[in-house]
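> One structure, pasted below without further comment.
The values are calculated or read from the model by the stated rules, or taken from the named source; none is laboratory data. Note that this is a predicted model, so its numbers are computed, not measured. Backbone-built Cβ (ideal geometry, glycine too); neighbour counts: all protein chains shown.
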Amino acid sequence: MGRLSRVTAPLLLGGLLGGLLAVLVVAPAPSRAGGGFADLHADATFGVDMTFSATWTGAPPDRVELLLGFGGEERLVVPVELVSGQLDYRRDLADGYVPPNTPVAYRWRAIIGAEVTVSPERSLLYDDDRPGLDWRQARIGSATVHWYDANETIARRFGDLAGDAADAAADLLGHPLAEPIDIFVYDAREDFQGAVGPGAREWIGAAAYPHLRTVYMWLEAGSTAYLDTTLAHEVTHVVFHDATANPFHEPASWLNEGVATWSEVGNAATERDLVSLEARSRGGLMAFAALTDQFPIDARGANLAYAQGATMVDLIIHDFGTDAMAAIAEAYRFGATDEDAVLAGTGVSFQALRDEYFAAFGVTEPDPVEPLPLGRSDVPIPPQAGVEPAPSAEPQPAPRESQDAAWWLIIGFVALGVVFVATVVVRSRRAPRPAGGGER
Amino acid sequence: MPRRPTTPAWSGLVLAALTFLVLASSANLSASAGGRPLRYLAGEMGTLDPAYIADAADVQLLLQLYAGLTRIDELGSVYGSLAEGWTVSDDGQTYTFRLRDNLRFSDGTPLTSADVRRSWLRVLDPATGALAPDVLTVIDGAAEWRSGVGSADAVGIEAPDERTLIVRLRHAASHFPALVATPTASVVPPTADNSPDWQSVGDFVGSGPYRVDRLDGTTLVLTANSEYVAGPPPIGQIDWLAEVDTSGPEAFVAEEVDLVNVFAGDASWIAYDASLGPYLHQAAALTVQYFGFDTTRPPFDDTRVRRAFLLALDRPRLVELAEGSAATAATSLVPPALWPDSVPEDEAPDPDEARRLLRDAGYASGADLGQITINATSLNVAPAVAVWREELGVDIAIESMDFTDFLQVLPERPPQVFTINWITDYPSPYALYGLLLLPDAASNYGGWTDAEFVRLMEDAARATDPGEQRSAYLAVEAEVDAQAPVIPWSWDVSHWLVRDGLNGVGNLTVGLLDLGRVSWAD
């Protein structure tokens, strides 16, 4: 029973270069066990599947595995059955979303006893090859922009803006953009939603996958001004990722989103108005402990979360300067907690900073909501006998069935009385009555 | 011709009253068998066979569908379910269970002690290929049968009459009444054989509070089992939802579900949300995440190497960084809820000692170990890997697998270092130490054998006094620490959204949620 528990987070799967049949044929891998891999072949269709195949020459191994990497150092190991020297594996992408522009590394591994033979590692790029998306691209500074249809002008402008945004974020965080980024410009909502995946909220107009160094933009999401600030927001996420990268801890969401939101226009004036309004007249502000991971699902909560993050960043910059932001980012790189990173950057505790923040808006930081009590079971435990066990010592309420039966019995007797009275009344109605008499 | 008697005035009254009571009675029945269903976002259905329970989701489902001799209430206490009681011999090695009268499977077939014996032997039968037969190998002769030197007849389970089951154990085991509450030890109908399809959604027969009625799209519909030993449960129907279109919290807000386990990342904001916060509940889950070593092959067949990996880690700091509020650093395989007083203290990290141990083992530096492969299927290994690289200089490759592949590989060819997220089978420390580390345990994936550990476990199993049990298990823990076949990493905290008015969900302990004891307050 009990046993192992599945990992709850969905596994991100990779795909291969969209539209283009990526075929790689390599020379047989060196073999220590009298066998080797050849005819390595890979293919993918965006959002549908990816397939890998190879041939194995030599004695049948005990086990053959395909190792897949999706942009990180971890490799997903998939056992593959060898059939007449042929190896085929198909990954159904309906089982797991893969963002376009994901680099997929793959290699084959055969195990014979203690001997292990591996093929060379190959890397492919999984692109969005859906019909009608006739991608073109241009490298502009540190960004490569990708567009289709008649969107070249705005795509190129995004390239220019991305450079500016990356420079600004690098100044703020004291860390440069580590590597170039890609920006994919989508025209239609359906195209964009398909790219950012089923988990994305419907209202988003842009998305960044910093570990892929990729930003996805949707042109119909809003005005030009909106798109420009949104692009800056997403590019800042990539720089923030670079500036805080560490294997220990994901920085708090309020800080990540706060920096990105603050960077849209280089201040938090609009967000301050929203936070002030919420503090004065609406549902109040949220504790920063509520904003460390996922943001609330409702629109008000989500907007407030972004605004609180941005205004907290604004407070830090105002009180301690941009050097503080750089120091915070650096602390994360060395494995600090959120509290330690804030302390390292500002010299004051996160609690003190939060107190100042909430005081500035005339409120105090909220406490968690007290949960409703969980009721004890009202189902009786069957009578026990023997030396063990000792069932709950707490008095048990009457069995539900007994309670229900008693209730119905009471109703029955009440009904009996009602019927009796009604019968008497009916009979009395039928009886001769004095003229002018009556009853209600 | 007989005369029709004159109807007295009160006769109509009596007739009406009787009619009413009949109607009321039938209304009562329909109320207990129907009423407001409970919609539980449980995830995809796995097996319907207790022999093939693979994960916590299976446990959760089969707990609703089958009954055993005992059961765990919503606060974790053991009580007699199919058994009305039991006695223990003076030496603690023989349990005599007395079954309740007139027990039946959900199709009305009588359920007797012979069915319990048959069900247990089926789990132990090597031909069945059960995933957790070791749960029952404390029974005398069971391990021998499984290893091919004994027989079913020699297994110490007797059913001398329809209501008596006598069980002889290899050694005293005070946790045995808790052990038989585990769904693997539940009672299956006589139709159960070793075929994969003896049990089905369309033709389900069980013994628990609910029976499978149908599959409605991806939702498994469970209905009350009128033959259940405790009577039909108050909630007539459970909608066992495999999925929703949105997230769990969104489905809860939309009133599509009444009960859902939520991620810690969502729980952090829900706790402060005025509308959702009141419905958020936290439970210290009976789970542990740990690193395991393949102790049968170099370099982890050497205790010094395993200890070096253990001592390099500052687990409290690393777990806080990696898991946040979702978990706490584990100092033992046994979760805190199963340590009656306080959990054992952790060994302080000591990287210098770790390097010294590696040198003593013949590895001048970690690089001399060769490339170490760590399977990260069950937990985030990045923090530990970073430390092992930094402090010990080890070359590490990180791999993972789909869960079903991982389950297959673990017993056959365990990775050098593997990761496990384990749900406690029954509420006893023995359920962790025994099922994960005893030599004959199916889930002792690292193949660790240690005679002292076995002796200490038998002492612990014999102990009946709480203080004596604690001392015994502390000694077990000390031996595990000293030998380091595993590195306990974290204990989970689980978070749930529970609809107001749902009584009986208790402490929401994962794996022990018995919906047969749950009711709507209204």
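> What number of residues within the range A:237-253 are facing another protein chain (nearest Cβ under 9 Å) and either under 14 Å from A:Ala165 (Cα atoms) or not hydrophobic (A, V, I, L, M, F, W, C) (or both)?
5
> Something else: Could you list all residues from the range B:368-384 that are under 23 Å from A:Val116 (Cα atoms) and crowded, with 20+ Cβ neighbours inside 10 Å?
Listed by number, the residues that qualify are B:Leu369, B:Ile372, B:Ile374, B:Asn375, B:Ala376, B:Thr377.
> Let me ask another. Only residues that are assigned to a loop (DSSP other than H, G, I, E, B), more than 30 Å from B:Asp465 (Cβ to Cβ), modelled with pLDDT under 50 and facing chain B (nearest Cβ under 7 Å): list them for the range A:352-411, please.
Listed by number, the list is empty, since nothing qualifies.
> Ok, one more. From the residues in the range B:275-291 that are part of a loop (DSSP other than H, G, I, E, B) and in contact (Cβ under 8 Å) with a residue 24 or more places away in the chain, which one is surrounded by the most Cβ atoms within 10 Å (Cβ to Cβ)?
Restricting to residues being part of a loop (DSSP other than H, G, I, E, B) and in contact (Cβ under 8 Å) with a residue 24 or more places away in the chain, the top hit is B:Leu286.
> In the range B:292-309, which residues are of a type outside the set (D, E, K, R) and surrounded by fewer than 21 Cβ atoms within 10 Å (Cβ to Cβ)?
Residues satisfying the conditions are B:Thr296, B:Pro298, B:Thr303.
> Please tell me if B:Ala130 is within 24 Å of B:Leu432 (Cβ to Cβ) and not in a helix (DSSP H, G or I).
The answer is yes for B:Ala130.
Per-residue answers, yes or no, for (1) out of contact with any strand residue (DSSP E or B) (no Cβ under 7 Å at 6 or more places or on another chain); (2) surrounded by fewer than 19 Cβ atoms within 10 Å (Cβ to Cβ); (3) at the interface with chain A (Cβ under 8 Å from one of its Cβ atoms); (4) in contact (Cβ under 8 Å) with a residue 60 or more places away in the chain:
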| site | (1), (2), (3), (4) |
| --- | --- |
| B:Leu222 | no, no, no, yes |
| B:Ser226 | yes, yes, no, yes |
| B:Trp240 | no, no, no, yes |
| B:Val257 | no, no, no, yes |
| B:Asp273 | yes, no, yes, no |
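> Among the numbered criteria (1) touching a residue at least 40 places away in the same chain (Cβ under 8 Å); (2) buried (at least 19 other Cβ atoms within 10 Å of the Cβ), which one does A:Ala155 miss?
Single failed check for A:Ala155: (1).
> If we keep just the residues of the range B:32-57 that are of a type in the set (D, E, K, R) and assigned to a loop (DSSP other than H, G, I, E, B), which is surrounded by the fewest Cβ atoms within 10 Å (Cβ to Cβ)?
B:Glu44
> When you go through B:Ala386, B:Ala364 one by one, which is the residue that is part of a helix (DSSP H, G or I) and of a type in the set (A, V, I, L, M)?
B:Ala386
> Across the range B:58-90, what is the total count of residues that are surrounded by fewer than 22 Cβ atoms within 10 Å (Cβ to Cβ), out of contact with any strand residue (DSSP E or B) (no Cβ under 9 Å at 6 or more places or on another chain) and within 26 Å of B:Asp115 (Cβ to Cβ)?
Qualifying residue count, the range B:58-90: 1.
> When you scan the range B:316-330, do you find a residue that is touching a Leu at 6+ places or on another chain (Cβ under 9 Å) and within 22 Å of B:Val476 (Cβ to Cβ), even just one?
The answer is yes, given that some residue of the range B:316-330 is touching a Leu at 6+ places or on another chain (Cβ under 9 Å) and within 22 Å of B:Val476 (Cβ to Cβ).
> Any residue at all in the range B:327-337 that's in the same structural domain as B:Val385 (by TED's automatic domain parsing), modelled with pLDDT under 95 and assigned to a helix (DSSP H, G or I)?
Scanning the range B:327-337 turns up at least one residue that is in the same structural domain as B:Val385 (by TED's automatic domain parsing), modelled with pLDDT under 95 and assigned to a helix (DSSP H, G or I).
> Return the only residue of A:Gln294, A:Gln308 being assigned by TED's automatic domain parsing to the domain that holds A:His175, modelled with pLDDT of 95 or more and polar (S, T, N, Q).
The match here is A:Gln308.
> What residue, among those in the range B:466-522 that are among the hydrophobic types (A, V, I, L, M, F, W, C) and part of a loop (DSSP other than H, G, I, E, B), is farthest from the other protein chains (Cβ to nearest Cβ)?
Applying the filter and picking the extreme gives B:Ala484.
> May I pose another question? Report yes if some residue within the range A:207-219 is surrounded by fewer than 21 Cβ atoms within 10 Å (Cβ to Cβ) and of a type in the set (S, T, N, Q); otherwise report no.
no
> Please go through (1) in the same structural domain as A:Ala245 (by TED's automatic domain parsing); (2) more than 29 Å from the chain's Cα centre (by Cα); (3) of a type in the set (Ser, Thr, Tyr) for A:Tyr148 and return the number of the only condition it doesn't satisfy.
(2)
> So B:Ile420 fits all but one of (1) of a type in the set (Val, Ile, Thr); (2) more than 10 Å from every other protein chain (Cβ to nearest Cβ); (3) closer than 26 Å to B:Gln371 by Cβ; what number is the exception?
Every condition holds for B:Ile420 apart from (2).
> Another question, then. Mind counting the residues in the range A:355-385 that are of a type in the set (S, T, N, Q) and within 32 Å of the chain's Cα centre (by Cα)?
1
> Can you give me the number of residues within the range A:71-124 that are loosely packed, with under 15 Cβ neighbours inside 10 Å, among the hydrophobic types (A, V, I, L, M, F, W, C) and not in a helix (DSSP H, G or I)?
Counting residues in the range A:71-124 that are loosely packed, with under 15 Cβ neighbours inside 10 Å, among the hydrophobic types (A, V, I, L, M, F, W, C) and not in a helix (DSSP H, G or I) gives 3.
> Now, a different point. Of the residues B:Ile420, B:Ile374, B:Ile396, which is in contact (Cβ under 8 Å) with a residue 24 or more places away in the chain and closer than 30 Å to B:Arg470 by Cα?
After ruling out the rest, the residue left standing is B:Ile420.
> If the Cβ limit is 6 Å and pairs must be 6+ apart or interchain, which residue in the range A:281-307 that is within 7 Å of another protein chain (Cβ to nearest Cβ) and at negative phi pairs with which residue that is charged (D, E, K, R) and not in a helix (DSSP H, G or I)?
A:Ala287/A:Glu365
> Filter the range A:327-340 down to residues that are within 11 Å of chain B (Cβ to nearest Cβ) and assigned to a helix (DSSP H, G or I) and give me whichever is surrounded by the most Cβ atoms within 10 Å (Cβ to Cβ).
Among those residues, the one meeting the criterion is A:Tyr332.
> Can you find even one residue in the range B:86-95 that is part of a loop (DSSP other than H, G, I, E, B), among the small types (Gly, Ala, Ser), facing chain A (nearest Cβ under 9 Å) and in contact with a Lys or Arg (Cβ under 9 Å, 6 or more places away or on another chain)?
No, that holds for no residue.
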